[in-house]
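Contents: one structure, followed by commentary.
The values are calculated or read from the model by the stated rules, or taken from the named source; none is laboratory data. What you are looking at is a predicted structure, and each value in this text was computed from that prediction instead of being measured. Quick reminder, even Gly has a Cβ in these numbers, built from the backbone with ideal geometry, and neighbours come from all protein chains shown. These accessible areas exclude ligands, DNA and RNA; they are computed on the full protein's heavy atoms, side chains included. Shrake-Rupley method; radii C 1.70, N 1.55, O 1.52, S 1.80 Å.
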Amino acid sequence: MDSASSSLSSSSFFVIIIRFTRSIFFPLFLFFFFFLTTDASIHVYENEAFTEVGNAYLLSGGSEGILSPSSSSSLSYIRFENITFWRSKTANKHNAGPIHVIIFEAADRNNIGGSAYGGQRAICCTSDLSKMGGCNQGEIIRRPSATDINWPLVLDVKFKGKHLTTTLDSKQVAIAKTGMYNLFFVACDPKLKGLVMSGKTIWKNPDGYLPGRMAPLKKFYVFMALAYFCLSIVWFLQYVRFYNDVLQLQHCITAVIGLGLFEMILWYFEYVNFNDTGMRPILVTTWVVTIGAIRKTISRLLILSVSMGYGVVRPTLGGLTSKVMLLGLTYFLASELLNITEYVGTINDVSGRARLLLVLPDAFLDAFLILWIFTSLSTTLEQLQAKRSSIKLDIYRKFSNALAATVIASVAWIGYELYFKATDPFNERWQSAWIITAFWDVLAFALLCVICYLWAPSQSSQRYAYSEVGDDSDDEESQSLTKEGRGELSLVKQERNGRNDASFDGEDESDEDKRE
């Protein structure tokens, strides 16, 4: 293959990546810009219907971690605005019971509701519970908190006469204690079946509208942006210094570093705006999750390509290019859909089943990629070992060790995440929940640093890039592929001294011809 065709083949993989990025990103961006709206700590209810739960009709208003005020000038509160209830036209319009608005901390959840004689737990007071005392039939069951007799807080809203609608006056409930607070709207009267509600609630922490469980991530993304910035400075200095010898593989690493830095900066500004306004800016949020999906996709394709020996052992992926790109496109779509669902929209968690349907394809593709990566890596290591390319073999062994450590850490962290969520069903450990998200960004950055170290630009990079494995002499391989050589290396093999060396060279070249 001549130099021109080799260069064309080597760059074709990354040309496809660029086209893939351009063709996918902009249509998605336009779609979400025009058709999606998003709210954050402002919980909006649009004709939300109450659900029958036991002997009550219930609607969840949200759940947030709220911090206590740090000073007299700061406030933490839950504010109700334009809360309106509609009852059914067919319902009896006289003497309907009240609608209860309940705010309670997760630690006081057992103070709401009760059961008679150890039976099924009820939210509203039953006749049996009424006979036992402590509540009035048809009303909410509430016991004072051990720390504050005024909590859980219950606000009542009643329908007047035959009116079909009623409203809750704009009200602001101050929060004085740090905790995970839950809001529920409950109706105990069977006449209120079919109840519908609209309006919004605003949840505020002392430092802004950013939910308590997400607040630490704002500082975290500052540190991650600084880390990517430092890595980019070191990488780009080498990149510019040895630009004429840079490989296509190193161009791709540069793109991943740039995308990572851009993503971390966007995350920070997204959280700042979120904290200041209580709204997730749809433009920034869409940008950041899409750039994140692109970065993750290119990173995985990069690791897969390196595992196949691309850029160091082989100049092209050959017939595998289309399969790799198809896998990349599928992974991007799965990752983008999951990220859009989680971040571009309200901060309320997606229901368990719906989220499972989005997580499973992403997890399956990750597992398939890991299997393909290690299978390809094993084949590449066997080829390098058979052809006695010691320096390349050493680099790939270090790379395989780093990948193995990453996979082990990922599996261990997934196990911890499952344990964390299983042992905290009511999100009482919300203040440390941010670590679950942060770990994956740290792990991805660590693996990127390893790749940058192993394949840093140098004056010897291009020289070894597409040479046939086995053509490098032991003397030449003593110079690192990723570091600047200590002298000018001859492109012509040095003469061997002694018969044994000459004989070995002849046998080696003969074996090479047979392989070709």
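Numbers below:
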read-out: Calculated over segment 167-279: convex hull of Cα atoms, volume per residue (Å³); value: 168
read-out: Ranking by accessible area, most exposed first, for CYS135, CYS124 with a 1.4 Å probe; value: CYS135, CYS124
read-out: For q = 0.25, 0.26, 0.31 Å⁻¹, Debye-computed log10 I/I(0) when each Cα of segment 217-271 counts as one equal scatterer; value: -0.89, -0.94, -1.15
read-out: Ranked packing of 416-425, 299-308, most packed first, by mean Cβ within 10 Å; value: 299-308, 416-425
read-out: Nonlocal Lys pairs with alpha-carbon distance under 18 Å, segment 43-185 (8 or more apart, or different chains); value: 7
read-out: For segment 145-156, Karplus couplings with θ = phi - 60° (6.51, -1.76, 1.60), whole Hz, Gly/Pro x; value: 5, 5, 9, 7, 5, 7, 10, x, 8, 10, 10, 10
read-out: Lys pairs, segment 185-342 - Cα-Cα below 29 angstrom, 8 or more residues apart or on other chains; value: 8
read-out: Most positive-pole-ward Cα, MET224, TYR209, ASN273, against dipole of segment 179-273 from beta carbon charges; value: TYR209
read-out: Surface accessible to a 1.4 Å probe, ILE408 within the full protein complex, Å²; value: 120
read-out: Rounded accessible area of TYR271 (nearest 10 Å², 1.4 Å probe); value: 10
read-out: Gap separating the Cα centres of segment 182-222 and segment 164-181, nearest whole Å; value: 10
read-out: Calculated log₁₀ intensity ratio I(q)/I(0) where the Debye formula runs over C-alpha points of segment 363-423, q = 0.14 Å⁻¹; value: -0.52
read-out: Contact order normalised by residue count of segment 90-193, Cα under 8 Å, 6+ apart, percent; value: 45
read-out: Student exercise, segment 128-231 dipole from Lys, Arg, Asp, Glu Cβ charges, in Debye to nearest 20; value: 180
read-out: Percent carbon-and-sulfur accessible area, segment 37-191, ignoring ligands, DNA and RNA, probe 1.4 Å; value: 48
read-out: Neighbourhood net charge (14 Å Cβ-Cβ; Lys/Arg +1, Asp/Glu -1) for GLY212; value: +2
read-out: Exposure of GLU382 as accessible area (Å², to 10), given a probe of 1.4 Å and all protein chains; value: 110
read-out: Cα-based convex hull volume of segment 172-224 per residue, rounded to whole Å³; value: 142
